Amino acid sequence: MEEKPRMFGALTVYRERGAYLRRLEQFDKAKASYDEAYNNAPQDVRLLIGRSQVCSDAVQPIQAYTDAQIALKLEPRNMVARNMQARAMYTMSDFERSVVMNYRGSRLRRYPPYFIEGINQGVETIQDCIGLNAGNVMVVFLPIIKRSAVAVFDEDEPQLQSHVSRIPRQEKKRKLTQMEARKHAILARVLAMKYLGPMAYDKFFLQDLKDDARLQSANSRGSKELKTMVDETLNTLSERQEMLRSQKPYYTIKLAEKAVSKHQIQYKEAVLAKEREIGAHEAERLLKHIEDNLNNKRIVNVISYAERLQTFLDTKTPRNLPDKQSFIERLYRAVGEAYLCQHRLSYRLSERGNRRRIAFLMGLPVGRPKSFDSVLANYPQKFIDVQKATSKVASLLEMCENSTMKCWLLYEMARLQSAQKNHPLAKFYAKRCQREAQEISNATWWLNGLFVLMSSDMKQGNANEVRIQVEEAIEYSKKLQDPEDVVAFLRKCSEMMSDVGAADDRKAMQQREKEILGVMDETNRVNTEVLFKRISNIPPGRRFTVLPQTQTESERQQSVRTRLRQKGLTVLPGHEKALPPPPKSDTKGFQVFDL
């Protein structure tokens, strides 16, 4: 087989291309070009030095040290190769050897001051690790060092084979508490800010982007490329942070912060006090807007300002805003009042309008209103993805510690599950909301949780459950200052459910007929189905029912009227007469009750 013809001047072409890509900080492509040049001329010193520079910039110190060492064997007096070798030693955390090599190089060449900069950098790192800035490491950090030493084990060391049980046991991992998880998250952000500086925000952005659902799209190839880029960039930043942490441990940074001057400490305290004042003023301003809109019954504005205040509080810590928990408490008390304020009757609406209002608040089907522009009337103000909202509320609920905020999160979870027609889970979260509200003696959130329970039961047509809940809520609403509006709303809900129960009798009869047909054999099923169709053509007063039920008062009255009318007449003549009173016994204390 013929060999592929070599390019004329391939060494120069690939070497210069690699140098150009290195200046553009495209290290992977630059290294590939240098590798191609190395295949053509492995003895070129400029090529080896250039590849060593690329590997050093790409945080690959072992390859950089190897290339610089080969270049020094070819040209022992090459100062650039000696400098690259010292840089590689420093990157591998061999600081003492790096300082020695920089001292040797500085005796031969002082300018450009690469060797002097390497000396200063290495000495400063050594001082941070073992000098005055490091503090008393063996006393303060001895427990941490011992734990890390125990955790390190040799992979080549033979491990003793313990007894292997035939019964598989599930590994139990201790779950972090809410406080421990929060401390871990805060410490990770602090370490990233200390070591990476402004690049820490890039790391936070990539971490959020890695879990973002928008990264997965219909363009699968593009999604894979984006995911690969995100993973590679995040790994590079994490490796850079670990390398910087090994060069300068965190305890040296904390000791240096404690050793700042008195004037700087006073300046930081003044800045912190001003930040606290501004944060408290902004929170009070937003709370004032929420209370004003709540007094005017503007619920949409209340929720809008509540979202703005929650976003503001998320950016604050107890150090920046000491009264953060009290602001959260006031915020969600006002939100609970706003949600409860919706469940009231309007005396400006008609009976039909109030029923429509209740149906809308409880999630029941609402008739389409008459409007000149139906698109504008029915289009929502903003689109909310229920699945994303549910996952967000669930993640917040895991980390929540404030009781009032937990009531709100449980209420939101119950409402979202009810919107997805997952009624058992909605009832579970609603009852948890009621228990949490009962522990903090908050009647508002207890009633809000009960309205979600009622909504699920009304959607399922559980009239008895709704009636029991209404009676319980009327008793509990006495703890409110003005319970009249809530009681009127509850009574109207009970009245609507009693009407809906009568309207759903036909659907229940059809369901009962299907169940009866399902347990029969094929021959009897056909005959019974024909019989049911014939029964459905008979007027309701003259047919028997397939549902076990008692006779209602109207049916009993109708039967009495049928008994009293004249034979041969199908229609009662004249005005409708009142029924005679039930017979009374002559014996005192004994009555014949009409049961």
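Residue count for the stretch 180-212, restricted to those that are open to solvent by 80 Å² or more (accessible area, probe 1.4 Å) and at positive phi: 0. Do we find that L108 is surrounded by fewer than 22 Cβ atoms within 10 Å (Cβ to Cβ) and modelled with pLDDT of 80 or more in this structure? For L108, the condition - surrounded by fewer than 22 Cβ atoms within 10 Å (Cβ to Cβ) and modelled with pLDDT of 80 or more - is not met.
Determine, yes or no, whether Y20 is in the same structural domain as Q121 (by the TED database), at pLDDT 80 or above and either aliphatic (A, V, I, L, M) or assigned to a helix (DSSP H, G or I) (or both). Considered against the rule, which asks whether it is in the same structural domain as Q121 (by the TED database), at pLDDT 80 or above and either aliphatic (A, V, I, L, M) or assigned to a helix (DSSP H, G or I) (or both), Y20 comes out as no. Would you check if S52 is over 45 Å from the mean Cα position of the chain (by Cα) and either modelled with pLDDT of 80 or more or closer than 26 Å to S238 by Cα (or both)? Answer is yes for this residue. Scanning the stretch 251-262 for residues that are within 40 Å of the chain's Cα centre (by Cα) and open to solvent by 70 Å² or more (accessible area, probe 1.4 Å) turns up K254, K258.
Within the stretch 277-306, the residues that satisfy the criterion of being charged (D, E, K, R) and open to solvent by less than 90 Å² (accessible area, probe 1.4 Å) are E282, E284, R285, E291, D292.
Say we look at the stretch 64-79 and pick out the residues that are within 53 Å of the chain's Cα centre (by Cα) and over 14 Å from R22 (Cβ atoms); which of these is surrounded by the fewest Cβ atoms within 10 Å (Cβ to Cβ)?
Going through the stretch 64-79, the residues within 53 Å of the chain's Cα centre (by Cα) turn out to be 64-69.
This time we only want the ones that are over 14 Å from R22 (Cβ atoms), so: 65-66, 68-69.
Working: Y65: 22, T66: 17, A68: 28, Q69: 15.
Checked the stretch 64-79; the qualifying residue surrounded by the fewest Cβ atoms within 10 Å (Cβ to Cβ) is Q69.
Being in a helix (DSSP H, G or I), modelled with pLDDT under 70, outside the structural domain of S246 (by the TED database) and over 19 Å from S246 (Cβ atoms) is the requirement here; does V139 meet it? Here the answer is yes, as V139 does meet what is asked. Scan the stretch 65-94 for residues that are within 17 Å of F27 (Cα to Cα) and in contact with a Lys or Arg (Cβ under 7 Å, 6 or more places away or on another chain) and jot them down. The one that is within 17 Å of F27 (Cα to Cα) and in contact with a Lys or Arg (Cβ under 7 Å, 6 or more places away or on another chain): D67.
Here are some residues: R15, R6. Which one is modelled with pLDDT of 75 or more, over 47 Å from the mean Cα position of the chain (by Cα) and among the basic types (K, R)? Give the derivation first.
Numbers: R6 fails: modelled with pLDDT of 75 or more.
Result of the check over R15, R6: R15.
Annotation note: Cβ proximity below 8 Å between a residue of the stretch 425-437 that is within 10 Å of A414 (Cβ to Cβ) and a residue that is open to solvent by 40 Å² or more (accessible area, probe 1.4 Å) (sequence gap 6+ or interchain) occurs for A426/R415. Take I265 and tell me if it is in a helix (DSSP H, G or I), surrounded by fewer than 15 Cβ atoms within 10 Å (Cβ to Cβ), out of contact with any Ser or Thr (no Cβ under 7 Å at 6 or more places or on another chain) and modelled with pLDDT under 85. In short, yes.
When the stretch 213-223 is filtered for residues that are open to solvent by less than 80 Å² (accessible area, probe 1.4 Å) and either at pLDDT 85 or above or in contact with a Ser or Thr (Cβ under 8 Å, 6 or more places away or on another chain) (or both), the ones remaining, listed by number, are L215, S217, G222, S223.
For the stretch 383-497, please list each of the helices (runs of 4 or more DSSP H) lying entirely inside it that holds at least 2 residues being modelled with pLDDT of 80 or more, out of contact with any helix residue (DSSP H, G or I) (no Cβ under 9 Å at 6 or more places or on another chain) and open to solvent by 50 Å² or more (accessible area, probe 1.4 Å). The helices (runs of 4 or more DSSP H) meeting that bar are 386-399, 463-476.
The values are calculated or read from the model by the stated rules, or taken from the named source; none is laboratory data. All values reported here derive from a predicted model rather than from experimental measurement. Every residue, glycine as well, gets a Cβ built from its backbone with ideal geometry; the counts of neighbours run over all protein chains shown. These accessible areas exclude ligands, DNA and RNA; they are computed on the full protein's heavy atoms, side chains included. Shrake-Rupley method; radii C 1.70, N 1.55, O 1.52, S 1.80 Å.
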